[in-house]
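Asks: Let me begin by handing over the structure; questions about it come next.
The values are calculated or read from the model by the stated rules, or taken from the named source; none is laboratory data. Computed from a prediction, not measured in an experiment: that's the story for all the values here. Neighbour counts run over all protein chains shown; Cβ positions are idealised from the backbone, glycine included. The accessibility values were calculated without ligands, DNA or RNA, using every heavy atom of the protein model including side chains. Shrake-Rupley method; radii C 1.70, N 1.55, O 1.52, S 1.80 Å.
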Amino acid sequence: MPMTPLEEIRHSCSHVLATAVLRLFPEAKLDIGPPTETGFYYDIDLDHRFTAEDLVRLEAEMRQVADENQPFLRKEVSREEAVEIIRSRGQERYKLGRLADISEGEKISFYQNGEFIDLCAGTHVRYSSKLKAFKLLSIAGAYHRGDERNKQLQRIYGTAFANKEELAQHLHQLEQARLRDHRKLGRDLKLFHIDEEVGQGLILWTPNGAVIRQELQTFISEELRKQGYAQVFTPHIGKLELYKTSGHFPYYKDAQFAPVLESDALARVVAENCPCGEVFARLEAVSGQLREQINARTGRETITADRVRPDADLLDGFMLKPMNCPHHIKIFASQPHSYRDLPVRLAEFGTVYRWEQSGELNGMTRVRGFTQDDAHLFCTEEQVAAEVLGCLSLVRTVLSTLGMADYRVRVGLRDPDSNKYTGEAANWDKAEEACRAAARTLGVPFTEEPGEAAFYGPKIDFVVRDVIGREWQLGTVQVDYNLPIRFDLSYIGPDNQPHRPVMIHRAPFGSMERFCGVLIEHFAGDFPLWLAPEQVRILPISEKTIEPARALLARLRAEGLRATLDEHSDKLGAKIRRAEIDKVPYALVLGQKEAEAGGVSVRSRARGDEGVLATDACVARLRAEVASRALPDRRKATPA
Ligand SMILES: [Zn+2]
Ligand SMILES: [Zn+2]
């Protein structure tokens, strides 16, 4: 694919970076330097560890190269010539391997700028002087070819834009993102903790973060109740057989934790001297009976004969739940249903576990255990459209309450030329039209993306844009024709005959972990009063008002407000500063005069000093602000 003009600028910067690296560190061995979505990098093998000062020197040298106005010249060569060029430059270590990646018959090209020449397919800007706005940003470790078994190289990241204004804007956004980083704020505001000894990617919700999660869950649950959902609870594990029936195992086994074996079963395979590979094969195998059932239900060879083993060979175990669907399906199937009962809407803040590579883990937004705001709706074909609409209206309510009005949706449709999709074409048409129609009602931009449907049905994804313009993919609504078949679900229709229900999976906010991580960054830790872990802090001016301050604390807590009292003996200024650092929405200053008059001096984090209010009026106002789930009414600029 040809590069866009911006990609050409960024990729050319990679070459110029490599040029500068070789000028300052001639012994460096180069790997590759592609453009990225927001800039560029180059992977470099060098014994010297790059420092921040090196980045400054390298950037200055890059500017020098740009000033030299070097043309980027393309040179097509034979494989032998290519090897010769690479050897003459002493760059055999990685470049020969990269050369070998180019298949026979493909063109082999080099690009030269000044004294530097690099194996590259292109394309680039015509002259290095076109590179006017770039910046080196950071150094990270990166395994050669992304493989942990290979040597770790040093990756220098940078970014570049067509002009200085766009670069400045991007750097400002990066700075904002750094200030809002949920990992940093999570630590500063004591919202969550990740402990290596508990495990990477496993979130420990500390008391402050737990408040936010609890409030969000309460809010979402209230909305679900209004929409006729029923709440359920299910265990964190389920038998392997369940996931063989659903198809989640072994198809998605790489994205899941390995099965948990019962100790008896484990002892048995050990006693049999069963080799490890055989243990896995026996875990993954199915009984002839299960294969027959699933193939009969799906009407095709869903489970192939080679997966079948004699019953005596099968090894059962448990899985950490990768999805909540099979558990909810079993709840639905535990009772007979008539069309009059439908839709059945089962909701659970259900915790699931997925295996993510450790390099992919990131604070709360990429984790190995997370709690989905999950629900499964079982409905008739005719009800799909209305139910999808209901899901979207919930999303709209929640996002607008959180001040996230800026979002778009993607409607994933089937690829009409592919046959990987299960279910009848006519049903697909109806479901796709239902998703499209529902998306239209949102009044936000939506795109249709053919080929992006799940194999079992179309879906709607939500992408929100936060206050500094970054996009976050949240959760989805998916229509599913497949699992009701695999689990042989049915309801009795008006004709007294059994019919197949349609399932809708929906977790519109994705997971509580991810959603909270996004919210921390969206609010920069300045949560609206109803979400703030500490809503009010009482600041007595001196020893003399400690007693009335304690009485006020008891009063606020009795009124259901999350209040604390700063009993430190330092000056009021220090107490105010501390409340600001902790981002407490309200500080109530209590001096003797106010105490005697039955009032408090109110300092709002959003609006500053608000003067003295009678205690009753103050309590009433705080309670009203919590109850309305109002967003902070900011007169101050974005917090530092
Ligand atoms: Zn290139
Ligand atoms: Zn599901």
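Asks: If we keep just the residues of region 354-384 that are hydrophobic (A, V, I, L, M, F, W, C) and in a loop (DSSP other than H, G, I, E, B), which is farthest from the chain's Cα centre (by Cα)? If you could, list the steps in order and put the result at the bottom.
Replies: Of all residues in region 354-384, those hydrophobic (A, V, I, L, M, F, W, C) come to 355, 361, 364, 367, 370, 375, 377-379, 384.
Those still in the list that are in a loop (DSSP other than H, G, I, E, B) too: 355, 361, 364, 367.
Details: Trp355: 14, Leu361: 10, Met364: 8, Val367: 8 Å.
Within region 354-384, the match that is farthest from the chain's Cα centre (by Cα) is Trp355.
Asks: Do we have any residue at all in region 352-359 that's on the phi < 0 side of the Ramachandran plot, surrounded by fewer than 16 Cβ atoms within 10 Å (Cβ to Cβ), hydroxyl-bearing (Ser, Thr, Tyr) and without any contact (Cβ under 8 Å) to a residue 12 or more places away in the chain?
Replies: no
Asks: Identify, please: which residue in region 285-306 is open to solvent by 40 Å² or more (accessible area, probe 1.4 Å) and part of a helix (DSSP H, G or I) and is, among those, nearest to ligand 2 (Cβ to nearest atom)?
Replies: Arg297
Asks: Given Val65, Val83, which one is modelled with pLDDT of 95 or more and within 15 Å of ligand 1 (Cβ to nearest atom)?
Replies: Details: Val83 fails: within 15 Å of ligand 1 (Cβ to nearest atom).
Among Val65, Val83, only Val65 is modelled with pLDDT of 95 or more and within 15 Å of ligand 1 (Cβ to nearest atom).
Asks: Please work out which one of (1) over 24 Å from Met512 (Cβ atoms); (2) open to solvent by less than 50 Å² (accessible area, probe 1.4 Å); (3) modelled with pLDDT under 95 is the condition Cys379 fails and give its number.
Replies: Only one criterion in (1) over 24 Å from Met512 (Cβ atoms); (2) open to solvent by less than 50 Å² (accessible area, probe 1.4 Å); (3) modelled with pLDDT under 95 is unmet by Cys379, namely (3).
Asks: While we're on this one: List the helices (runs of 4 or more DSSP H) inside region 497-602, counting only whole elements, that have at least 1 residues being within 27 Å of the chain's Cα centre (by Cα).
Replies: Working: elements: 512-523, 546-558, 572-581, 592-597.
Once the helices (runs of 4 or more DSSP H) in region 497-602 are filtered for at least 1 residues that are within 27 Å of the chain's Cα centre (by Cα), what remains is 512-523.
Asks: Of all residues in region 495-511, which are of a type outside the set (Asp, Glu) and either more than 16 Å from ligand 2 (Cβ to nearest atom) or more than 25 Å from Ala210 (Cβ to Cβ) (or both)?
Replies: Passing the criteria: Asn496, Gln497, Pro498, His499, Arg500, Pro501, Val502, Met503, Ile504, His505.
Asks: For the list (1) in a loop (DSSP other than H, G, I, E, B); (2) buried (at least 20 other Cβ atoms within 10 Å of the Cβ), I need the number of the one condition that Gly469 fails.
Replies: (2)
Asks: Okay, moving on. Would you call Ala453 over 22 Å from Phe349 (Cβ atoms), within 16 Å of ligand 2 (Cβ to nearest atom) and surrounded by 21 or more Cβ atoms within 10 Å (Cβ to Cβ)? First the steps, then the outcome.
Replies: On the way: over 22 Å from Phe349 (Cβ atoms): yes; within 16 Å of ligand 2 (Cβ to nearest atom): yes; surrounded by 21 or more Cβ atoms within 10 Å (Cβ to Cβ): yes.
Taking the combined requirement at face value, the residue satisfies it.
Asks: Would you check which residues across region 486-506 are buried (at least 19 other Cβ atoms within 10 Å of the Cβ) and either within 16 Å of ligand 1 (Cβ to nearest atom) or not basic (Lys, Arg) (or both) and list them? First the steps, then the outcome.
Replies: We begin by selecting, within region 486-506, every residue buried (at least 19 other Cβ atoms within 10 Å of the Cβ); these are 486-487, 489, 491, 501-506.
The answer is Phe487, Leu489, Tyr491, Pro501, Val502, Met503, Ile504, His505.
Asks: On to the next question. For region 411-428, how many residues are of a type in the set (D, E, K, R) and in contact with a helix residue (DSSP H, G or I) (Cβ under 9 Å, 6 or more places away or on another chain)? Write out each step before concluding.
Replies: Kept after step one, since they are of a type in the set (D, E, K, R), are these residues of region 411-428: 414-415, 417, 420, 424.
From what is left, the residues that are in contact with a helix residue (DSSP H, G or I) (Cβ under 9 Å, 6 or more places away or on another chain) are 414.
The qualifying residues number 1.
Asks: Hey, can you tell me all the residues within region 64-90 that are assigned to a helix (DSSP H, G or I) and aliphatic (A, V, I, L, M)? Break it down stepwise before answering.
Replies: Our first condition is that a residue be assigned to a helix (DSSP H, G or I); within region 64-90, this holds for 64-67, 79-88.
Of everything in region 64-90, those that are assigned to a helix (DSSP H, G or I) and aliphatic (A, V, I, L, M) turn out to be Val65, Ala66, Ala82, Val83, Ile85, Ile86.
Asks: Taking interchain pairs and intrachain pairs at least six residues apart, which have beta carbon atoms under 9 angstrom, with the first residue in region 149-173 and free of Cβ contacts under 8 Å to residues at least 12 places away in the same chain and the second open to solvent by 70 Å² or more (accessible area, probe 1.4 Å)?
Replies: Arg149/Tyr143; Asn150/Tyr143; Gln152/Tyr143
Asks: Here's something else I'd like to know. What's the number of the only condition in (1) open to solvent by 70 Å² or more (accessible area, probe 1.4 Å); (2) among the acidic types (Asp, Glu); (3) touching a His at 6+ places or on another chain (Cβ under 8 Å) that Asp118 fails to meet?
Replies: Condition not satisfied by Asp118: (1).
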